[in-house]
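The structure under discussion appears below in the form of structure tokens.
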Amino acid sequence: MDIKAVILAAGKGTRMKSNTPKVLHKIFEKPLLGYVLDNVKNITNEAFVIVGHHAEEVTEYVNKNYKCAKTVLQSPQLGTGHAVSMVCPNLENFDGQVIILCGDTPLITEKTLKEFIDYHNSCNSDLTVMSTIFENPTNYGRIIREADNSLKCIVEEKDATPQQKAVKEVNAGIYCLNWGKIKCAFSQLTSNNAQGEYYLTDIISWGKTNNLNVNAYILENSDEIYGINSRQNLAAATKIMNDRKLADLMDNGVTIVDPSSTWISEDTEIGADTIIYPSTYIEGKNKIGNNCKIGPCAHLRGDVEIADNCKIGNFVEVKKAKFDSNTNAGHLSYIGDAELGSHVNIGAGTITANYDPISKTKSKTVLKDNVKIGSNTVLVAPVEIGEGTNIGAGSVITKNIGEWALGLTRAPLRVIEKWVKH
């Protein structure tokens, strides 16, 4: 079955109190919208992102990072039903399935979306909505069922009666539609409600009126549809995502010494028997091998590859770097835009000076196998240190050095006797 995605990302996010569009706020340096797009890219062959507020910024992000996604402008913004109708011209001749999601729900997983679509197909549904149970359903649309427990409609909270507000089953904001049967609904929605908007939720009652097979899939883990509307929500979602990741890593043989102070992005892979020490922060996309030691107080900033049996120690920051096996950076160093061979040792206080602030370019540092870097060394990129070479402590290295050499830059020591007493 051909499946396409529609992601709602036009909202302003007023409660974020930010000049950044809500869907571009980040968790572990990845925008909320990125999580949603990543979770649909293996399920769908094309995604349409509905943009509105700061449309240019969102479009730039999508175009730069996702080849199978395109943005569609919603202007003016007249509700969620109106938003989806913006893609109708793009899907005029499409007869597959369309899943609809919100761009501010980064915790939804690919596994859940696949199970949702499988449920839709197993029920021979024309339209399926995802729901979940909240003990406190405030601000969510309520799932209203018939006497026989079949789905009747969704009622937004502002339009709900006191009896309907007591319902704890809520709309999770994710839909699966057989597009050929549902698409005409979007030209028939009305705005006769408290907000004066065209609600996407009204396609449920439209489907019932038109004798279509309409169902609701209950999501057991309600955390997955947690929406971001405030900075507090952003922090809470980050904690949920991190706890989920740490649990998964520990289940797969990684030791997390102190989960309460350890933060690891969803896009980081870590091999078995690696130990992550307290106060370590790992963001972005990274791959760490087996039997490594990371931290305490280490910071990996993304695009980092660390092979087996490596150590990244106290107060070491690593960004866009590759470490071959049995290589150590023990403490107080910055390794960026670098490629390190095997059995390399980085002394304390080593800096790869990779950024030129005048040209605003970054250059690469290459350390071949068995290189030893003395403490308090600055490697001014671009620079390559050959196999087996040692660099003396306190050196500033500005040019390439060949194999098995000693490199050092050091002013002669001066001793002035009795200077302190004089």
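The values are calculated or read from the model by the stated rules, or taken from the named source; none is laboratory data. Everything numeric in this text was worked out from a predicted model, so none of it was measured. Note that each Cβ is placed from the backbone with ideal geometry, even for glycine, and that neighbours are counted across all protein chains shown. With ligands, DNA and RNA removed, areas are computed over all heavy atoms of the protein, side chains included. Shrake-Rupley method; radii C 1.70, N 1.55, O 1.52, S 1.80 Å.
I'd like to verify a number: residues in the stretch 21-68 that are touching a helix residue (DSSP H, G or I) at 6+ places or on another chain (Cβ under 7 Å), assigned to a loop (DSSP other than H, G, I, E, B), touching a residue at least 40 places away in the same chain (Cβ under 8 Å) and under 24 Å from residue 242 (Cβ atoms), how many?
Looking only at that region, the number is 2.
Any residue at all in the stretch 350-364 that is open to solvent by 20 Å² or more (accessible area, probe 1.4 Å), among the hydrophobic types (A, V, I, L, M, F, W, C) and free of Cβ contacts under 8 Å to residues at least 12 places away in the same chain? First the steps, then the outcome.
Here is the first cut: in the stretch 350-364, the residues open to solvent by 20 Å² or more (accessible area, probe 1.4 Å) are 351, 353, 355-364.
With the extra rule that they be among the hydrophobic types (A, V, I, L, M, F, W, C), the set shrinks to 351, 353, 358.
Cutting the leftovers down to free of Cβ contacts under 8 Å to residues at least 12 places away in the same chain gives us 358.
Scanning the stretch 350-364, I find at least one residue that is open to solvent by 20 Å² or more (accessible area, probe 1.4 Å), among the hydrophobic types (A, V, I, L, M, F, W, C) and free of Cβ contacts under 8 Å to residues at least 12 places away in the same chain, so the answer is yes.
Restricting to the stretch 127-159, what's the tally of residues that are modelled with pLDDT under 95, surrounded by 18 or more Cβ atoms within 10 Å (Cβ to Cβ) and of a type in the set (Gly, Ala, Ser)?
Summing the residues that are modelled with pLDDT under 95, surrounded by 18 or more Cβ atoms within 10 Å (Cβ to Cβ) and of a type in the set (Gly, Ala, Ser) in the stretch 127-159 gives 1.
Look through the stretch 260-285, keep the residues that are assigned to a loop (DSSP other than H, G, I, E, B) and either among the charged types (D, E, K, R) or on the phi > 0 side of the Ramachandran plot (or both), and return whichever of them is most open to solvent (accessible area, probe 1.4 Å). Let's see the steps before the verdict.
First, the residues of the stretch 260-285 that are assigned to a loop (DSSP other than H, G, I, E, B): 262, 265-267, 271-274, 277-280, 283-285.
Adding the requirement that they be either among the charged types (D, E, K, R) or on the phi > 0 side of the Ramachandran plot (or both) leaves 266-267, 273, 279, 283-285.
Working: 266: 59, 267: 56, 273: 102, 279: 60, 283: 22, 284: 21, 285: 145 Å².
Within the stretch 260-285, the match that is most open to solvent (accessible area, probe 1.4 Å) is 285.
Working only within the stretch 211-259, note down all residues that are open to solvent by 60 Å² or more (accessible area, probe 1.4 Å) and within 23 Å of residue 304 (Cα to Cα).
Across the stretch 211-259, the qualifying residues are 239, 243, 244, 248, 250, 251, 252, 255, 257.
Among the residues of the stretch 184-203, are any modelled with pLDDT of 90 or more, of a type outside the set (Ser, Thr, Tyr) and at positive phi?
Scanning the stretch 184-203 turns up no residue that is modelled with pLDDT of 90 or more, of a type outside the set (Ser, Thr, Tyr) and at positive phi.
Would you check which residues across the stretch 189-203 are in contact (Cβ under 8 Å) with a residue 40 or more places away in the chain and touching a Lys or Arg at 6+ places or on another chain (Cβ under 9 Å) and list them? Lay out the reasoning, then the answer.
Filtering the stretch 189-203 down to residues in contact (Cβ under 8 Å) with a residue 40 or more places away in the chain leaves 189, 191, 195, 197-203.
Passing the criteria: only 195.
Looking at the structure I just gave you, is residue 44 in contact with a Ser or Thr (Cβ under 7 Å, 6 or more places away or on another chain), of a type in the set (Ser, Thr, Tyr) and over 19 Å from residue 227 (Cβ atoms)? Steps first, please.
Values: in contact with a Ser or Thr (Cβ under 7 Å, 6 or more places away or on another chain): no; of a type in the set (Ser, Thr, Tyr): yes; over 19 Å from residue 227 (Cβ atoms): yes.
For residue 44, the condition - in contact with a Ser or Thr (Cβ under 7 Å, 6 or more places away or on another chain), of a type in the set (Ser, Thr, Tyr) and over 19 Å from residue 227 (Cβ atoms) - is not met.
What's the total number of residues in the stretch 351-378 that are more than 20 Å from residue 326 (Cβ to Cβ), in contact with a strand residue (DSSP E or B) (Cβ under 7 Å, 6 or more places away or on another chain) and not β-branched (Val, Ile, Thr)?
Counting residues in the stretch 351-378 that are more than 20 Å from residue 326 (Cβ to Cβ), in contact with a strand residue (DSSP E or B) (Cβ under 7 Å, 6 or more places away or on another chain) and not β-branched (Val, Ile, Thr) gives 6.
Is at least one residue of the stretch 106-126 among the aromatic types (Phe, Trp, Tyr), open to solvent by 60 Å² or more (accessible area, probe 1.4 Å), in contact with a strand residue (DSSP E or B) (Cβ under 9 Å, 6 or more places away or on another chain) and part of a helix (DSSP H, G or I)? Before the answer, list the steps.
Going through the stretch 106-126, the residues among the aromatic types (Phe, Trp, Tyr) turn out to be 116, 119.
Within this subset, residues satisfying the condition of being open to solvent by 60 Å² or more (accessible area, probe 1.4 Å) are 119.
Imposing the further condition that a residue be in contact with a strand residue (DSSP E or B) (Cβ under 9 Å, 6 or more places away or on another chain) reduces the set to 119.
From what is left, the residues that are part of a helix (DSSP H, G or I) are 119.
Yes; the residues of the stretch 106-126 include at least one that is among the aromatic types (Phe, Trp, Tyr), open to solvent by 60 Å² or more (accessible area, probe 1.4 Å), in contact with a strand residue (DSSP E or B) (Cβ under 9 Å, 6 or more places away or on another chain) and part of a helix (DSSP H, G or I).
Go through the stretch 380-391 and give me each residue that's more than 21 Å from residue 326 (Cα to Cα) and without any contact (Cβ under 8 Å) to a residue 40 or more places away in the chain. Steps first, answer last, please.
Step one: of the stretch 380-391, the residues more than 21 Å from residue 326 (Cα to Cα) are 380-383.
Of everything in the stretch 380-391, those that are more than 21 Å from residue 326 (Cα to Cα) and without any contact (Cβ under 8 Å) to a residue 40 or more places away in the chain turn out to be 380, 382, 383.
Take the residues in the stretch 69-105 that are without any contact (Cβ under 8 Å) to a residue 60 or more places away in the chain, part of a loop (DSSP other than H, G, I, E, B) and not small (Gly, Ala, Ser); name whichever of them is most open to solvent (accessible area, probe 1.4 Å).
93
For residue 306, indicate whether it is more than 18 Å from residue 28 (Cα to Cα) and open to solvent by less than 20 Å² (accessible area, probe 1.4 Å).
Taking the combined requirement at face value, the residue satisfies it.
Can you tell me which residue among 377, 365, 361, 352 is among the β-branched types (Val, Ile, Thr) and farther than 18 Å from residue 407 by Cβ?
Numbers: 377 fails: farther than 18 Å from residue 407 by Cβ; 365 fails: farther than 18 Å from residue 407 by Cβ; 352 fails: farther than 18 Å from residue 407 by Cβ.
Result of the check over 377, 365, 361, 352: 361.
Could you say which residue among 340, 413 is without any contact (Cβ under 8 Å) to a residue 40 or more places away in the chain, crowded, with 21+ Cβ neighbours inside 10 Å and of a type in the set (A, V, I, L, M)?
Numbers: 413 fails: crowded, with 21+ Cβ neighbours inside 10 Å.
Sole residue among the options that is without any contact (Cβ under 8 Å) to a residue 40 or more places away in the chain, crowded, with 21+ Cβ neighbours inside 10 Å and of a type in the set (A, V, I, L, M): 340.
How many residues, within the stretch 1-55, are open to solvent by less than 40 Å² (accessible area, probe 1.4 Å), of a type in the set (A, V, I, L, M, F, W, C) and more than 25 Å from residue 265 (Cα to Cα)?
Of the residues in that region, 7 qualify.
Select from the stretch 353-412 the residues that are closer than 23 Å to residue 332 by Cα and of a type in the set (Ser, Thr, Tyr) and list them in ascending order.
Matches in the stretch 353-412: 355, 363, 365, 375, 377, 389, 395, 398, 409.
If you scan the stretch 3-20, which residues turn out to be of a type in the set (Val, Ile, Thr) and either assigned to a loop (DSSP other than H, G, I, E, B) or modelled with pLDDT of 95 or more (or both)? Full working, then the answer.
As a first pass, look at the stretch 3-20 and keep what is of a type in the set (Val, Ile, Thr): 3, 6-7, 14, 20.
Residues satisfying the conditions are 3, 6, 7, 20.
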